[in-house]
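The values are calculated or read from the model by the stated rules, or taken from the named source; none is laboratory data. Predicted, not measured: the structure shown is a model, and the values here were computed from it. Neighbour counts run over all protein chains shown; Cβ positions are idealised from the backbone, glycine included. For accessibility, only protein heavy atoms count, side chains too; no ligands or nucleic acids. Shrake-Rupley method; radii C 1.70, N 1.55, O 1.52, S 1.80 Å.
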Amino acid sequence: MKRSRFAPLFGLALALALALALGLWASPGFATKFSPLLADPKFRETDPAPSPDGKWLAFQSNRSGSSQIWIMSTQGGQLRQLTAEPESSQVPGSPKIATRVMTPNWAPDGKSLLFISTRSGPYNIYSSAFEGGEVKPLSNAAGSQRFAVYSPDGSKICFPSSRLAPTSLYGFNLYVMDAKGEIGGPPARRLTFSEGSPGHPVWSYDGKWIAYVAKDFDTTRTVNVGGGMQTKQSAMFSQFRVFKIAAGGGREIKLTGLTVGDPSEDTWPSWSPNGKQIAFGRNSGGKQSLWVVDVTTRMAFVLTADGNCMKPSFSYDGNAIYYTKLIDGKDEDIWVARDFTTAAPAARSRASAKK
């Protein structure tokens with residue numbers, strides 16, 4: 001019998017209650033209500049991004065026939081297509097390929113959005129007004145420029161780029177450029193100097209920190225690659241973890257994956273408005289769940305347990321987390337988790353911390 005996508009998450013509620021009763025974690029908050037916002041099996045909807053005023057949700061969808069950015073009210077209702085990127089793009093001398101459009105992110109004033117497109121061939125950063133219209137290119141460097149996000153004051157944009165290693169699978173580092181972009185302004189400044197291919201940066205709301213994911217490895221350690229063979233640990237044989245770095249640069253601080261030998265992998269961080277937690281996706285044994293890590297204690301807590309949830313994004317008031325839910329291994333829907341607290345636990349205890 002096919003499982004309904006709207007089935008109540010009784011297993012999750014039971015698991016949460018049992019964990020709290022046994023004192024397995026001190027609750028930094030977990031949702032008590034999960035509901036679908038976009039759940040049409042004919043279309044793939046992903047990369048949810050709530051607006052600063054909480055009224056709108058930008059997302060990626062193929063409902064127009066190709067990958068584009070769309071906008072809808074967070075209360076539901078009519079959808080509006082924002083971008084109209086060409087269906088194919090071409091690098092000179094190369095065959096045409098399908099254009100990819102993804103990862104919308106809002107300007108702090110809510111008047112425009114950043115997104116990534118391959119309209120010119122490589123992945124680059126573009127900006128569109130909320131009302132739509134002319135699209136402005138902001139980058140054109142070698143390699144790929146990916147998930148781009150504004151600083152809280154709107155003056156800077158942080159993004160991962162493989163410009164110094166354009167042919168490398170793990171050649172990314174984080175860069176910061178002026179809000180007007182590299183094409184109309186100075187070149188971006190390199191922020192990280194990592195061999196772990198940092199990606200998906202998100203600014204803390206006070207502007208002091210940038211969280212991101214990167215491969216966590218130590219070249220002094222060896223790993224078993226099968227057949228009795230061992231090799232030095234590298235980006236290929238390690239997992240993505242959540243890190244943070246001061247917005248001006250400095251030492252990288254690991255926030256997840258603190259247990260040696262943990263085979264899980266962490267992706268897509270989203271900073272809570274109060275600055276105390278970061279939501280992220282965790283892939284463990286092929287099952288994808290949403291987690292929250294306390295930034296100070298670095299204790300991580302599960303938010304969903306049904307194994308098909310990813311790409312969390314906090315609302316700007318901290319009262320909701322929008323996320324992508326994978327249905328039957330192929331369809332992607334957008335859901336929202338509500339009715340949870342984001343207050344940090346003072347210490348591990350049997351009692352549930354309340355906001």
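A quick yes/no check of all residues on (1) within 23 Å of LYS55 (Cα to Cα); (2) more than 18 Å from the chain's Cα centre (by Cα):
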site	(1), (2)
ILE97	no, yes
ARG100	no, no
THR103	yes, no
ASP109	yes, yes
SER112	yes, yes
ILE116	yes, no
TYR123	no, no
ALA129	yes, yes
GLY132	yes, yes
Tell me which residues, restricted to the range 122-149, are open to solvent by less than 10 Å² (accessible area, probe 1.4 Å) and of a type in the set (Gly, Ala, Ser). SER128, SER139, ALA148
Please go through the range 258-294 and give me each residue that is open to solvent by 40 Å² or more (accessible area, probe 1.4 Å), β-branched (Val, Ile, Thr) and within 18 Å of PRO48 (Cα to Cα), ordered by number. THR267
Filter the range 105-118 for residues that are in a strand (DSSP E or B) and of a type in the set (S, T, N, Q); which is surrounded by the most Cβ atoms within 10 Å (Cβ to Cβ)? SER117
Name the single residue, out of those in the range 48-65 being polar (S, T, N, Q) and crowded, with 17+ Cβ neighbours inside 10 Å, that is farthest from ASP331 (Cα to Cα). SER51
1 or more residues modelled with pLDDT of 90 or more, open to solvent by less than 20 Å² (accessible area, probe 1.4 Å) and of a type in the set (Lys, Arg): qualifying strands (runs of 3 or more DSSP E) within the range 295-343: 320-327
Which residue pairs have Cβ atoms closer than 6 Å, lie 6 or more positions apart in sequence or on different chains, and pair a first residue in the range 61-77 that is within 15 Å of THR46 (Cα to Cα) with a second residue that is of a type in the set (Ser, Thr, Tyr) and open to solvent by less than 30 Å² (accessible area, probe 1.4 Å)? GLN68/THR83; ILE69/THR83; TRP70/SER61
Just a yes or no: is a residue in the range 42-57 in contact (Cβ under 8 Å) with a residue 12 or more places away in the chain, in a loop (DSSP other than H, G, I, E, B) and more than 27 Å from GLY281 (Cα to Cα)? no
Can you pull out the residues in the range 249-269 that are closer than 11 Å to ARG298 by Cα and of a type in the set (S, T, N, Q)? THR256
